[in-house]
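Right, one structure below, let's go through it.
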Protein chains: 4
Amino acid sequence: MSTTEQMLESYPAGLGGVDKSRLAEGIDACVDCAQVCTACADACLSEDMVDELRKCIRTCLDCADMCGTTGRVLSRHTGYDANISRAVLQACITACQSCADECAQHAEMHDHCRICAEACRACGEACGQLLDSLG
Amino acid sequence: MSTTEQMLESYPAGLGGVDKSRLAEGIDACVDCAQVCTACADACLSEDMVDELRKCIRTCLDCADMCGTTGRVLSRHTGYDANISRAVLQACITACQSCADECAQHAEMHDHCRICAEACRACGEACGQLLDSLG
Amino acid sequence: MSTTEQMLESYPAGLGGVDKSRLAEGIDACVDCAQVCTACADACLSEDMVDELRKCIRTCLDCADMCGTTGRVLSRHTGYDANISRAVLQACITACQSCADECAQHAEMHDHCRICAEACRACGEACGQLLDSLG
Amino acid sequence: MSTTEQMLESYPAGLGGVDKSRLAEGIDACVDCAQVCTACADACLSEDMVDELRKCIRTCLDCADMCGTTGRVLSRHTGYDANISRAVLQACITACQSCADECAQHAEMHDHCRICAEACRACGEACGQLLDSLG
């Protein structure tokens with residue numbers, strides 16, 4: 001059991017009907033994607049062809065910020081405001097889609113972009129499934 | 001001229017048609033609101049009636065995170081991805097609306113909630129005007 | 001291999017002599033601790049005895065912020081400024097120590113505090129070992 | 001009166017003997033520096049000579065993260081843990097020093113680096129004065 005799941009298990013109140021396993025998957029995907037995007041921006045910055053990766057660096061930094069915020073918002077539960085959660089998840093899905101598309105264009109040349117595109121796709125999907133389950 | 005405006009003036013590339021003055025107002029409102037929400041969550045935590053302010057604390061923390069991310073995303077310009085900006089602004093407007101509504105309920109009793117509600121309304125409006133101007 | 005390690009493996013430049021495995025452990029511990037501290041602050045806020053957990057909530061929020069920043073700083077490598085890394089690691093170790101001590105006082109009563117204290121101890125140790133290895 | 005000062009004035013508890021005006025200056029300097037560093041990293045990324053500004057971009061991103069965290073930690077007061085505040089301020093001073101030195105090297109060529117170096121020096125000084133006043 002991941003520490004994210006352990007924390008959800010130890011939560012002293014209800015989760016407002018949110019599916020616990022989808023929530024844990026969403027949080028973990030956001031946290032993972034934020035780290036990968038931060039690292040990918042930095043790896044792009046080390047490439048010889050950095051001038052061709054400017055947009056990729058920016059998109060990675062934006063996506064890292066949005067995933068970090070989403071992971072934190074999803075880690076707060078009680079008194080749950082579904083409006084905020086839905087809006088934040090929607091913005092995260094958009095950021096992940098943009099970043100996955102951008103990184104995918106450099107995936108054959110740069111392994112860090114391939115890994116980042118995969119993390120963004122996974123995060124977008126986990127957020128989408130969580131959003132759907134919120135009803 | 002604020003440092004935000006100075007930085008926009010010194011920007012070495014175009015801003016993709018974004019209105020510079022609305023952009024500066026949006027960034028400054030986000031940065032200000034993030035600080036006020038962080039401080040309001042902490043002030044609520046110091047109130048005797050903290051048990052009645054749990055939802056307010058959470059909403060302030062969520063809004064602080066979302067405003068912080070929006071301020072950073074808006075501070076990155078070139079290669080500008082309007083999809084991310086729009087989605088992030090929309091989520092920020094929603095968070096500010098929720099936080100303004102929640103803090104407004106405690107505004108008569110707690111001055112920090114009154115100031116926070118005002119900062120959230122101002123940030124929501126600045127983000128709304130910027131979003132409209134993006135076309 | 002974790003995505004953190006995969007990203008380090010795909011890095012296009014040297015890591016300035018930093019031990020790759022200690023670095024991955026430090027990043028992962030920071031990322032994990034930031035999530036756990038965010039969740040513990042929220043769980044404390046849901047407890048009936050929230051008025052006795054105010055300091056714990058604040059310390060968890062501070063530690064979450066410091067671990068998040070440390071995880072991002074450690075995820076940027078080239079052009080490596082050892083002064084910043086050392087100072088950030090030192091602050092993270094201090095925050096983890098304070099949060100572990102505070103949460104440990106509530107560990108028998110609240111499982112989330114027990115898990116959080118453990119995550120803080122683990123993060124402090126991983127940061128300490130990384131700091132030592134920087135020479 | 002800035003909103004930061006208004007929030008300090010409305011605080012329902014004591015500030016643990018911290019000088020209110022130095023605290024407000026420290027918070028405002030951190031918040032301002034975090035925005036300027038985020039914008040400077042992005043402006044550097046738009047320069048033709050981006051390959052010579054890689055280290056500057058990284059240092060700006062590190063400094064932005066550290067200033068953001070310091071601004072939030074300083075915005076939480078009661079139950080005040082002076083150990084965390086001191087360690088975080090120390091790390092922020094180091095990051096600001098490194099970033100000011102790095103940006104100063106490009107200040108004659110790039111106005112954004114000049115403004116950023118000034119913001120970093122101002123933030124380092126405000127944090128230093130606050131740290132001294134903590135005793």
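The values are calculated or read from the model by the stated rules, or taken from the named source; none is laboratory data. Computed from a prediction, not measured in an experiment: that's the story for all the values here. Neighbour counts are summed over all protein chains in view; Cβ atoms, including those assigned to glycine, are modelled from backbone coordinates with ideal geometry. Just so you know, the surface numbers come from the protein's heavy atoms only, side chains and all, with ligands and any DNA or RNA stripped out. Shrake-Rupley method; radii C 1.70, N 1.55, O 1.52, S 1.80 Å.
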Criterion: in contact with a Ser or Thr (Cβ under 9 Å, 6 or more places away or on another chain) and polar (S, T, N, Q) - qualifying residue of B:Thr59, B:Thr94: B:Thr59
Of the criteria (1) facing another protein chain (nearest Cβ under 7 Å); (2) outside any loop (DSSP other than H, G, I, E, B), which one D:Arg76 fails: (2)
The lone exception for B:Thr69 - which of (1) at the interface with chain A (Cβ under 7 Å from one of its Cβ atoms); (2) in contact with an Asp or Glu (Cβ under 7 Å, 6 or more places away or on another chain); (3) more than 18 Å from D:Gly71 (Cα to Cα) it fails: (3)
Some residue of region D:2-14 being out of contact with any helix residue (DSSP H, G or I) (no Cβ under 6 Å at 6 or more places or on another chain) and part of a loop (DSSP other than H, G, I, E, B): yes
Residue in region D:25-45 that is in a helix (DSSP H, G or I), surrounded by fewer than 24 Cβ atoms within 10 Å (Cβ to Cβ) and over 11 Å from the mean Cα position of the chain (by Cα) present: no
Counted residues, region C:24-45 - those being over 19 Å from C:Met66 (Cβ atoms) and facing chain A (nearest Cβ under 9 Å): 2
Selected residue [out of contact with any helix residue (DSSP H, G or I) (no Cβ under 7 Å at 6 or more places or on another chain), over 27 Å from A:Glu47 (Cα atoms) and more than 9 Å from every other protein chain (Cβ to nearest Cβ)] from C:Glu125, C:Glu118: C:Glu125
Scan of region D:1-15 for residues that are of a type in the set (A, V, I, L, M) and buried (at least 19 other Cβ atoms within 10 Å of the Cβ), ordered by number: D:Met7, D:Leu8
Leading residue by the ranking (most open to solvent (accessible area, probe 1.4 Å)) among those in region D:87-135 that are charged (D, E, K, R) and under 14 Å from the mean Cα position of the chain (by Cα): D:Glu125
C:Ala13 being free of Cβ contacts under 8 Å to residues at least 40 places away in the same chain, within 9 Å of another protein chain (Cβ to nearest Cβ), among the small types (Gly, Ala, Ser) and under 25 Å from C:Asp132 (Cβ atoms): no
Condition met for A:Thr94 (at pLDDT 95 or above, out of contact with any Pro (no Cβ under 8 Å at 6 or more places or on another chain), under 30 Å from D:Glu47 (Cα atoms) and within 10 Å of chain B (Cβ to nearest Cβ)): yes
Checking D:Ser21 against (1) within 14 Å of chain C (Cβ to nearest Cβ); (2) out of contact with any Ser or Thr (no Cβ under 6 Å at 6 or more places or on another chain); (3) not hydrophobic (A, V, I, L, M, F, W, C), the condition it does not meet: (1)
Checklist (1) in contact (Cβ under 8 Å) with a residue 60 or more places away in the chain; (2) more than 7 Å from every other protein chain (Cβ to nearest Cβ); (3) not in a helix (DSSP H, G or I); (4) not β-branched (Val, Ile, Thr) applied to D:Asp48, failing item: (1)
Of all residues making up region B:65-80, the number that are within 22 Å of B:Leu134 (Cβ to Cβ) and open to solvent by less than 30 Å² (accessible area, probe 1.4 Å): 11
Any hit, region A:57-64, residues being at pLDDT 95 or above, among the hydroxyl-bearing types (Ser, Thr, Tyr) and open to solvent by less than 10 Å² (accessible area, probe 1.4 Å): yes
Top-ranked residue in region C:1-49 [being out of contact with any Leu (no Cβ under 6 Å at 6 or more places or on another chain) and of a type in the set (Val, Ile, Thr); ranked as nearest to C:Cys113 (Cα to Cα)]: C:Val36
Breaking point among (1) in contact with a Phe, Trp or Tyr (Cβ under 9 Å, 6 or more places away or on another chain); (2) crowded, with 24+ Cβ neighbours inside 10 Å, for D:Val18: (2)
